[in-house]
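Engineer: Before I ask anything, let me first share the structure, which is written out below as structure tokens.
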Amino acid sequence: MRRYFEACSSAAALCVTLTLALILIFVVFPAVPIGGEVLDAKGRYTYGEALAALQGYGETGRETYAWASATLDTLLPLLYVSFLAGLVYRCRPTDRSWRLAYLPVVVGVIDLGENVQIVLMLTTYPDISAGQVAIASLFTSCKGHAALICLTLAITLAVVSWIRRVHTRIRDDLG
């Protein structure tokens, strides 16, 4: 995995993965005709909310959403995991802390688990249980919290790394 993190930490890889992830989030996903707010964009949801959403999508919307979850929403975690892991790896405070780059991988695995749960609900509707919705909602909630933690870590490490570089340049210029 360390080679993967090294590859993801190059400037080119960071730019490509960030750009593609943002295109998916802000251009592609909004253009997918689902017919309502997607469940995985919510923080959490109840059984009643899930049933209402699934009914609101209609048969075509559910099929489209299931397709998008199984394809596009599988690509997105690969992109953001690569970006965040690469950024964390690149900006790690010490060489020994490279393992922090595994944290975004955990988020990606949770996201993929969420996608599986949502596809199951979409394809088995209306025969879904409250337990199934609770599991899917738990994945959604965990994904949101874990992604926020990883994003905060990556931004913090990037800012600290930038401050260190600036400090080193100033010191070298004055020294």
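Engineer: Within the set of other residues whose C-beta is less than 12 Å from the C-beta of Pro77, count the net charge using Lys and Arg as +1 and Asp and Glu as -1.
Structural biologist: Local net charge: -3.
Engineer: Checking the a/c ratio against 1.5 first, then a/b against b/c, what shape does the Cα gyration tensor give for region 88-161? Working shown, then result.
Structural biologist: Values: a/c = 4.43, a/b = 3.39, b/c = 1.31.
It comes out prolate by the Cα gyration axes.
Engineer: Here is a follow-up. Relative to a virtual label point 7 Å from the Cα of Val106 in the Cα→beta-carbon direction, which members of region 124-161 show backbone nitrogen distances below 14 Å?
Structural biologist: 142-154
Engineer: Separate question: Using mean Cβ contacts within 10 Å as the protection proxy, how do 101-114, 157-170 order, highest first?
Structural biologist: 101-114, 157-170
Engineer: Another one. If I take R0 = 25 Å and measure r between the Cβ atoms of Ala70 and His145 in this structure, what FRET efficiency does the formula 1/(1 + (r/R0)^6) give, to the nearest 0.05?
Structural biologist: On the way: r = 24 Å, r/R0 = 0.96.
It comes out at approximately 0.55.
Engineer: Less than 14 Å Cβ to Cβ from Ala50, Lys/Arg counted +1 and Asp/Glu -1: what total charge do the surrounding residues give? Present the calculation step by step, with values, prior to reporting the outcome.
Structural biologist: Details: positive: Lys42, Arg44, Arg62; negative: Glu37, Asp40, Glu49, Glu114, Asp127.
Net charge around Ala50: -2.
Engineer: Give me the three principal axis extents of region 1-76 from the C-alpha atoms, as integers in angstrom, largest value leading.
Structural biologist: Between the extreme Cα coordinates on each principal axis of region 1-76 lie 44, 23, 17 Å.
Engineer: Let me ask another. Let's test the formula: R0 of 25 Å, r as the Cβ-Cβ distance of Leu120 and Val16. What FRET efficiency results, to the nearest 0.05? Please report the intermediate quantities before stating the final value.
Structural biologist: Working: r = 32 Å, r/R0 = 1.28.
So, using R0 = 25 Å, E works out to roughly 0.20.
Engineer: Further, regarding this structure: Quick check: the distance between the Cα centres of region 154-175 and region 1-65, to the nearest angstrom?
Structural biologist: Their Cα centres are 35 Å away from one another.
Engineer: If you take the alpha carbon radius of gyration of the chain and divide it by 2.2 N^0.38 Å, what ratio comes out, to two decimals?
Structural biologist: It is 1.23.
Engineer: Restricting attention to the alpha-carbon atoms of region 119-175, what are Rg (one decimal) and Dmax (integer), both in Å?
Structural biologist: 22.4, 71
Engineer: Per DSSP helix of 4 or more residues, -39500 (n - 2.57); summed, then divided by the residues of the chain. What does that give at 222 nm, rounded to the nearest 500?
Structural biologist: -26000 deg cm²/dmol
No lab work stands behind these numbers, since they all come straight from the coordinates. Bear in mind that the values here come from a model prediction, so they are computed numbers and not experimental data. Cβ: placed from backbone, ideal geometry, glycine included. Neighbour counts: every protein chain shown.
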